[in-house]
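Everything on this sheet refers to the single structure shown next.
The values are calculated or read from the model by the stated rules, or taken from the named source; none is laboratory data. What you see is a predicted model, and the numbers here were worked out from it, not measured in a lab. Quick reminder, even Gly has a Cβ in these numbers, built from the backbone with ideal geometry, and neighbours come from all protein chains shown. Heads up: the accessible areas ignore ligands, DNA and RNA and are worked out on the full protein's heavy atoms, side chains in. Shrake-Rupley method; radii C 1.70, N 1.55, O 1.52, S 1.80 Å.
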Amino acid sequence: MRQTREVRLARWPAGAPIAEDFEIADVALPELGAGDVLVRNIWMSVDPYMRGRMYPDGAYNTPYQLGHVLDGGAIGEVLDSHSPALQPGDLVDNFLGWREAFVAPASMLRKLPATSMAPQSYLGAMGMPGLTAYGGLLEIGKPSAGETVFVSGAAGAVGSLVAQIAKNLGCTVIASVGTPEKADWLKARGVDHVINYKSVADLPTALYQAAPEGIDIYFDNVGGDHLEAAIHAAKRNARICGCGMISQYGQLGVSAAPRNLFMLYSKTIRLEGFTVAQFLGPVRRAFLRDMETWIAEGRIQYEETIVEGLDKAPAAFIALFSGGNTGKMLVKLA
Ligand code: NAP
């Protein structure tokens, strides 16, 4: 294998990303040096946070570079190895996605554990989105049985797991999604109330009808009007897990909502932002154990939206911002 293809950032998106913001390029692979491996990616992760890396000033996160390959989570197969640590045929978790193949030091890659889990689950329920859901809900939200949890983006990679973990812990769960099919998927998994935010006249009223006594925890994947409605519905001493704000990613810094932040102190609400990186270590070890058990017992079910081929990766990314996925958005490479 001498050649590969990769997805590059062609220009900075203005608002929501569009196809012209990306280009596919052919690239020659280098020879393997001592300690290197040649890997063919099989699965690529498609994640909303990548939009935050498409601002040239790095306001949200380390920016991508124009004309350069994107990166992101991927699962690949080792084809050739100059390292004793990895053998051809090994599956590796890597952060060199958005390309079909690469040469890299084996030390940059993590061999997948020998489990019965599907390899791509390590990009979803068993990977970064799963740890985000688990760590964000348990460590930031600190739920107790009987409490009411509201989660937005609730049929997505993170939100669908938050909803089910909260049910497993004995909470009442209210979920917000953008289609009737996503609402049905959640109701079939025991979620108590599902709001289709695109079909209700008024989100605060819909939330009040689902939880007249208020909510104890809000797991925020959306920001904007969802965060404002959650602050409005929050009980005294409520906790808000600040995971993400996908409704704001095309317009960072110009949000019209929330307009009711004063309620944070009048209701002594704790709003705490977090990143998944803070849960590496003991929380991740507990997560891997619990999530594998819950999946094996059928107490967590995960969904995947799969598109095939590197050429479709930009469209898969764009679709995240219009609700084109249920569960984890993945690209499968030939
Ligand atoms: P996802 O939910 O699988 O995909 C995005 C979903 O968001 C879409 O399917 C869509 O579903 C919804 N959405 C898109 N635009 C929206 C809008 N304007 N208003 C309301 N909903 C909208 O993505 P994910 O990977 O699980 O990520 C969810 C959130 O967690 C994102 O904000 C992401 O940035 C964040 N995140 C944070 C961390 C961290 O370390 N803090 C880690 C991972 C992810 P509907 O059809 O329901 O609209």
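List of remarks:
- For the chain, size of Cβ-based charge dipole, Lys and Arg +1, Asp and Glu -1, in debye: 680
- When the charge dipole of the range 128-277 is built from unit charges on Cβ atoms (+1 for Lys and Arg, -1 for Asp and Glu) and taken about the Cα centre, the candidate among 183, 210, 165 whose Cα reaches farthest toward its positive end is 165.
- Per residue, the solvent-accessible area of the range 61-164 (1.4 Å probe, heavy atoms of protein chains only, all protein chains present) comes to 35 Å².
- Loop-located trypsin sites (Lys or Arg not before Pro) in the range 151-227 (DSSP state not H, G, I, E or B) with no more than 10 neighbouring Cβ atoms inside 10 Å do not occur.
- Value of Rg to Rh for the range 1-100 (Rh from inverse mean 1/r over Cα pairs, i.e. Kirkwood): 1.02
- Under a 5 Å amide H cut-off, with hydrogens placed 1.01 Å from N, residue 301 pairs with nothing among residues at least 5 apart or on other chains.
- A cut-off of 5 Å between modelled amide H atoms, ignoring neighbours fewer than 5 places along the same chain, links residue 42 with 75, 76, 77.
- Relative contact order (percent, whole number), the chain, Cα cutoff 8 Å, 6+ residue spacing: 18
- Candidate membrane-span-like segments in the chain, meaning DSSP H helices with Cα atoms spread over at least 20 Å of their own axis and a Kyte-Doolittle mean of -0.5 or above, are 282-296, with no membrane implied.
- Note: relative contact order over the range 137-281, using C-alpha pairs below 8 Å and six or more positions apart, is 21 percent.
- Relative intensity of the range 104-238 on a log10 scale, I(q)/I(0) at q = 0.09, 0.10, 0.19 Å⁻¹, equals -0.29, -0.35, -1.03, per a Debye sum over C-alpha point scatterers of equal strength in the absence of solvent.
- Cα-centre dipole for the range 180-303 with unit charges at Cβ (Lys and Arg positive, Asp and Glu negative), debye to 20: 340
- Sequentially through the range 300-310, phi angles give Karplus couplings (6.51, -1.76, 1.60; θ = phi - 60°) of 10, 10, 10, 10, 10, 10, 10, 10, 10, x, 4 Hz, Gly and Pro residues having no value and appearing as x.
- Three principal axis lengths of the chain [C-alpha, angstrom, descending]: 63, 44, 34
- In the chain, the DSSP beta bridges split such that about 55 percent are antiparallel, to the nearest 5.
- Cα shape, the range 206-270, gyration tensor, a/c 1.5 rule: prolate
- Across the accessible surface of the range 150-308, with the other protein chains kept in place and a 1.4 Å probe, carbon and sulfur atoms take up 53 percent.
- Bridge orientation summary for the range 61-185: considering DSSP beta bridges with both residues in this region, about 60 percent are antiparallel.
- Taking θ as phi - 60° and the Karplus parameters 6.51, -1.76 and 1.60, the scalar couplings of the range 319-326 work out to 5, 4, 8, 10, x, x, 10, 10 Hz in sequence order, x denoting glycine and proline.
- Cut-off under 5 Å, modelled amide H: who pairs with residue 234 long-range: 215
- Quarter of Cα convex hull surface for the range 169-290, i.e. mean projection, nm²: 9.0
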